[in-house]
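This report refers to the structure that appears directly beneath it.
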Amino acid sequence: MVKGMKALVIDDEQSIREFISSVLQAEGWSVGEAETAERAFEMLQTDEWSLVFCDVVLGGENGFAILRRFAEEQPRAQVVMMTGHGTAVGALDATSFGAYDYLLKPFGISEVETIARSVAARLTAKGRIKKEESASKFYRSDIELVGRSPAFVEAMKLVGRVSLTNLPVLLTGESGTGKEVIARAIHRRSRRSGNPFVAVNCGAIPAELIEAELFGHVKGAFTGAERDRIGLFEEANRGTVFLDEITETTSAFQVKLLRALQEREIRRVGENRTHQIDVRVITSSNRDVEREVAEGRFRQDLFYRLNAVTIHLPPLRERREDILPLAEFFAQKVRLPDEHPVMFSAEAIAILEEYEWPGNIRELENAVVRAAALSDSVVKPQDLPERVRRSVKEKEREESGEQASDTAAEWVTLDEAEKRYVSRVLAYTKGNRQAAARLLNVDRKTIDRMIKRHNIDLDEIRLMGSKKQR
């Protein structure tokens, strides 16, 4: 039994008290019983309760009076109101006054078990978090990096060693593994930390504009250049430039970038004179850069210039020990300071740790933020995205050898399947083609061809996305 698993059952009907008590005891709870509000007030003074089942109608004071007393004197207790005459306004009042749930009689064993397990999960998580905070209270970093898996710890050792040097660093790993977070950590621990950190998503800038964006331009250099403008390299002078998705750049730009790094100088577009720069360059890619070089899509000389140190960030499926700490970290960020901390039921934890997370940390954050917003402070399986639950069920079915119930009529052509999938990804990115290309691990031109081939209406997708947000 988890420490603090004490439950109080308050009802003037003995049969109901005994029924709830027996279910709770089977779940490992220590249970007390009270038949009146007055007896409940006495027990409130003599013990600390984590879970309370309270009938609304009692002899003397009613259940709402008990709810208010617990809210004042034992606010951490989770109070479940029970009634045989439930109303919408009763449910509203109960939850707004702080009730954990509002049960309509008659209810069964499963309802009591679900509540008992959710609250027990909360207590377990609180105990673990308190233990971890106690163990680490002697030191708290100013960098928010969550993880304890051996693979991630080894990668961070290398990050720590390279931070104090001035060497260029190449970060590799799948989309969503946190490459920009690590780039910022390298800068934060470097001797350049007091100067700017400038992040640039090379894949999001049109090829014809990236040179002007990074190196700057003078007035009249091209249509729309209405004034002189310094580039991001000069903006980051004496600091760090992070070039995300460097393999998305063109060969022509790569030549100019190589020269800038070799000579430590840049020339603004439309200008003849050069400007000295002092920047540390960190780059990243979700592609196999050596393969890109071998197939002629990335310059070999630039690759050697950028990868003095290469750090590979493992995908989330290879660091499953980090899934729960990351989920708890993301969940707490969406709660207000005075709200109960978000906990995860054992069933939800099992699903989170079993899912493959193709979108890695970014996908986990999206799923957890959604679940935390929908939950009643304890995330349960039904709060998680359907795709996560469905994927885990399919995986379990495959491992057990169970055959799917699909019929021939349910199968679609490969072309139709691709259209549906690309449409769903575009809907997820709200019509952002570059973001969709990153998730699908293809280049921008490929996603454009897919949209054209399948006649996908981006305006309709964006409209649907805006309606869902509202």
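The values are calculated or read from the model by the stated rules, or taken from the named source; none is laboratory data. Please read all numbers here as calculations on a predicted model, not as lab measurements. Note that we place each Cβ from the backbone using ideal geometry, even for glycine, and neighbour counts take in every protein chain shown. Areas reflect the complete protein model, heavy atoms only, side chains present, ligands, DNA and RNA absent. Shrake-Rupley method; radii C 1.70, N 1.55, O 1.52, S 1.80 Å.
Data table
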| read-out | value |
| --- | --- |
| Rounded to 10°, Cα long-axis angle of helix 458-469 versus longest principal axis of the chain | 30 |
| Added length on full extension, which subtracts the Cα-Cα distance from 0.36 nm per residue, ASP448 to GLU226 | 76.8 nm |
| Residue-normalised accessible area of the chain, given per residue in Å² at a 1.4 Å probe | 54 |
| Modelled FRET efficiency - R0 30 Å, ARG387 with GLN332, Cβ distances, 0.05 increments | 0.80 |
| Segment 283-362: proportion of alpha-carbon pairs further apart than 14 angstrom, % | 72 |
| Share of alpha-carbon pairs per 10 Å distance bin for the chain, given as whole % | 4, 15, 21, 20, 17, 12, 8, 3, 1, 0 |
| Links that overshoot a 20 Å alpha carbon limit, given the list LYS393/LYS419; LYS333/LYS430; LYS395/LYS419; LYS430/LYS452; LYS179/LYS256 | LYS393/LYS419; LYS333/LYS430; LYS395/LYS419; LYS179/LYS256 |
| Label-point separation in nm, ASN201 to SER251, each point 7 Å along Cα→Cβ | 2.8 |
| Accessible area of the chain belonging to carbon and sulfur atoms, whole % at 1.4 Å probe | 50 |
| Spatially proximal aspartates and glutamates relative to LYS380 (Cα-Cα < 12 Å; intrachain offsets below 8 disregarded) | GLU347 |
| Percent antiparallel among DSSP beta bridges (both partners in the chain, rounded to 5) | 10 |
| Probe 1.4 Å, all protein chains present, accessible-area order of TYR100, TYR421, largest first | TYR421, TYR100 |
| Trypsin sites (Lys or Arg not before Pro) lying in DSSP loop within segment 266-317, provided at most 14 other Cβ fall within 10 Å | ARG273 |
| More than 16 angstrom apart: percent of Cα pairs within segment 1-67 | 41 |
| Nitroxide proxy distance, nm - points 7 Å out along Cα→Cβ at GLU144 and PHE97 | 3.7 |
| Stokes-Einstein D for segment 169-327, Kirkwood Rh over Cα pairs, 25 °C, 0.890 mPa s (µm²/s) | 148 |
| The chain - charge dipole about Cα centre, Lys and Arg +1 at Cβ, Asp and Glu -1, debye rounded to 20 | 2600 |
